[in-house]
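The values are calculated or read from the model by the stated rules, or taken from the named source; none is laboratory data. What you see is a predicted model, and the numbers here were worked out from it, not measured in a lab. Neighbour counts are summed over all protein chains in view; Cβ atoms, including those assigned to glycine, are modelled from backbone coordinates with ideal geometry. Surface accessibility is based on the protein's heavy atoms, side chains included, excluding ligands, DNA and RNA. Shrake-Rupley method; radii C 1.70, N 1.55, O 1.52, S 1.80 Å.
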Amino acid sequence: MIILDGKKTSNDIKNEITEIVQEMKANGEKVPHLAAVIVGNDGASLTYVGSKVRACERVGFESTMVRLPNTTSETELLKEIKQLNDNPEIDGFIVQLPLPKQIDTQKVLMAVDPDKDVDGFHPTNFGRMALDMSTFIPATPFGILELLDRYGVETQGKHTVVIGRSHIVGRPMSILMGRKGFPGNSTVTLTHSHTKNITQITSQADIIITALGVPGFLKAEMVKDDVVIIDVGITRVPDESRERGYYITGDVDFEHVSKKASYITPVPGGVGPMTIAMLLKNTLLARERHRAAAK
Ligand code: GUN
């Protein structure tokens, strides 16, 4: 069993990006600039955005955090997005999800300039992804592809089962694993809350990508020997005995499933750290595209 080590791989990627940024600086070029908009005070969202900003500092990017109160109206948020779209200093930006109830998320995501949409959530970019055109692939799916690629995990002709059809992970992952090329060329089954007899499906899978948010959902008796497991679940379980007051766990019963798996991502330290590295990669790509367009 081989651990797909997202912590190490994301560090490798950050080091590669740091080198490219140092070269940009040495050549007197503008360095990539990422902005993150966060509305409200959700603890997990603040932690994620904080990590994204720190990661920018580490690789030498410029970063801007835009913090708005929980009471922000949709109009106010759309105005903020327009400013970021129009600001030539900003290469890419993200609007951290979830947004407060008074704001229509789809409307907000559609207001982001697709050329600055480093989350890859705009319908234009999502459509481009489905059509094999150059785009920004959403960071979590992009991170999973990168792990499969760097560890040389065979995907061609394999049966990939995706659990969960979220717009951020499950849906894009089901498209990407079926695309032509590597990683891809898989036969994909997308399962969700209405799927019947899920064990019958998972027990035939060569690769399982689970993004449910239900701790310990995937058990050893649901998988076959030598399965590849990608665990995208990140759940905070309250635990008084820990200093933080919680621990992080995934969708997979790691202790037992890992004994049957050929490759497996741990939680924490698997897909999670990759997401931030790939957001940086998308921001670098945005900068390179903007520079090419300015010539
Ligand atoms: N909330 C959970 N994951 C993400 C993500 O990848 N991007 C944004 N913007 N919000 C999120």
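Of the cross-linked pairs Lys7/Lys158; Lys52/Lys180; Lys25/Lys281; Lys180/Lys281; Lys14/Lys295, which ones have a Cα-Cα span greater than 20 Å in the structure shown?
In this structure, Lys7/Lys158; Lys52/Lys180; Lys180/Lys281; Lys14/Lys295 lie more than 20 Å apart at Cα.
Return one number: the angle in degrees, 0 to 90 and rounded to the nearest 10, between the long axis of the Cα atoms of helix 6-26 and the longest principal axis of the Cα atoms of the chain.
20 degrees
Taking the 0 to 90 degree range and rounding to the nearest ten, how far is the long axis of helix 139-150 tilted relative to the main principal axis of the chain, both from C-alpha atoms?
Once rounded, one gets 60 degrees.
Given 37 °C and 0.692 mPa s, how large is the Stokes-Einstein diffusion coefficient of the chain in µm²/s, with Rh as the Kirkwood radius over Cα pairs?
Working: Rh = 19.9 Å.
Reported coefficient: 165 µm²/s.
How many nm separate the modelled label positions at Met1 and Lys107, each set 7 Å beyond the Cα in the direction of the Cβ?
Computed distance between label sites Met1 and Lys107 equals 4.8 nm.
Quick one: angle between helix 43-59 and the longest Cα principal axis of the chain, in degrees between 0 and 90, rounded to 10, please.
With both axes taken from Cα atoms, the answer is about 70 degrees.
Pick from Thr75, Thr275, Thr187: which is most flexible by mean-square fluctuation in a GNM of the chain where alpha carbon atoms under 10 Å apart are linked?
Answer for the Gaussian network model of the chain: Thr75.
Roughly how many Å² is the accessible area per residue of the stretch 1-66, as a whole number, for a 1.4 Å probe?
With the other protein chains kept in place, the stretch 1-66 gives 48 Å² per residue.
Of all the C-alpha pairs in the stretch 44-187, what % are more than 22 Å from each other?
Here the tail beyond 22 Å accounts for 47 percent of pairs.
Between Arg150 and Met65, what FRET efficiency follows from the Cβ-Cβ distance if R0 is 30 Å, with the result rounded to 0.05?
Efficiency at R0 = 30 Å is approximately 0.50.
Using the beta-carbon distance between Ser166 and Asn85 and R0 = 30 Å, what value does 1/(1 + (r/R0)^6) give for FRET efficiency, to the nearest 0.05?
For Ser166 and Asn85, the calculated efficiency is 0.70.
Taking the chain as a Gaussian network, Cα atoms linked when under 10 Å apart, which of Ser186, Ser258, Ser134 shows the biggest mean-square fluctuation?
In the Gaussian network model the winner is Ser134.
What are the ³J(HN,Hα) couplings of the stretch 77-89, residue after residue, when phi is run through the Karplus curve with 6.51, -1.76, 1.60 and θ = phi - 60°? Round to Hz, x for glycine and proline.
Result, rounded to whole Hz: 5, 5, 5, 4, 5, 4, 4, 5, 4, 7, 7, x, 5.
One quarter of the convex hull surface, Cα atoms only: what value does that give for the stretch 3-108 in nm²?
Taking a quarter of the hull surface, the average projection is 8.0 nm².
Kindly provide the pair-distance distribution of the stretch 115-189 built from C-alpha pairs, with 10 Å bins from 0 and whole-percent values in order of increasing distance.
All Cα pairs considered, the percentages come to 21, 55, 22, 1.
Amide H of Ile234 versus every other amide H placed in the peptide plane: which residues, excluding those fewer than 5 positions away on the same chain, fall under 5 Å?
Gly213
Once phi is turned into θ = phi - 60°, what whole-Hz ³J(HN,Hα) does the Karplus curve with 6.51, -1.76 and 1.60 give for every residue of the stretch 194-200, x standing for Gly and Pro?
For the stretch 194-200, the Karplus-derived couplings read 9, 5, 8, 6, 4, 4, 4 Hz, x marking Gly and Pro.
Restricting to Cα pairs below 8 Å that are 6+ residues apart, what does the relative contact order work out to for the stretch 28-117? Please round to a whole percent.
About 38 percent, as a whole number.
What percent of all Cα-Cα pairs in the stretch 123-258 falls into each 5 Å bin, going from 0 up to the bin containing the maximum distance?
So the P(r) values, bin by bin, are 2, 10, 19, 22, 20, 12, 8, 4, 2, 0.
Go ahead and run the numbers for FRET between Thr75 and Ala130, Cβ-Cβ distance against an R0 of 25 Å, rounding to 0.05.
Details: r = 31 Å, r/R0 = 1.25.
My answer for the efficiency is 0.20.
Pull out the extension gain between Ala293 and Arg244, defined as 0.36 nm times the separation in residues minus the alpha carbon to alpha carbon distance; nm, one decimal.
Working: separation 49, 0.36 × 49 = 17.64 nm, distance 4.61 nm.
Additional length available on full extension: 13.0 nm.
What residue among Thr249, Thr283, Thr140 shows peak mean-square fluctuation when the chain is described by a Gaussian network model with Cα springs under 10 Å?
Comparing Thr249, Thr283, Thr140 in the GNM, the peak value goes to Thr249.
Averaged over all directions, how much area does the convex hull of the C-alpha atoms of the stretch 145-221 cover when projected, in nm²?
5.2 nm²
Calculated from DSSP H runs of 4 or more alone, at -39500 (n - 2.57) each and per residue, what is the 222 nm mean residue ellipticity of the chain, nearest 500? Walk me through the numbers on the way to the answer.
Working: 10 runs with 120 residues, N = 295.
After summing the helix terms and dividing by residue count, I get -12500 deg cm²/dmol.
Which of the peptides 111-119, 85-93 is most tightly packed, and how do the rest follow, judged by the mean count of other Cβ atoms within 10 Å per residue?
Output ranking for 111-119, 85-93: 111-119, 85-93.
Name the residues whose placed amide hydrogens come within less than 5 Å of the amide hydrogen of Val95, ignoring near sequence neighbours (fewer than 5 apart) on the same chain.
Val37
Report ³J(HN,Hα) in whole Hz for each residue of the stretch 107-123, in order, from the Karplus equation J = 6.51 cos²θ - 1.76 cosθ + 1.60 where θ = phi - 60°; Gly and Pro get x.
5, 5, 5, 6, 7, 6, 4, x, 6, 10, 7, 6, 7, x, 8, 5, x
Please report the carbon-and-sulfur percent of the accessible area for the chain; probe 1.4 Å, protein heavy atoms only, DNA, RNA and ligands left out.
Summing carbon and sulfur atoms, their accessible area is 51 percent of the total for the chain.
Order 227-236, 101-110 from most to least packed using the mean count of other Cβ atoms within 10 Å. Could you put the intermediate results ahead of the total?
Values: 227-236: 23.1, 101-110: 14.4.
Packing proxy ranking, top to bottom: 227-236, 101-110.
Give the peptides 40-52, 188-200 in descending order of average Cβ contacts within 10 Å, highest first.
Values: 40-52: 15.2, 188-200: 13.5.
Sorting 40-52, 188-200 by mean packing, highest first, produces 40-52, 188-200.
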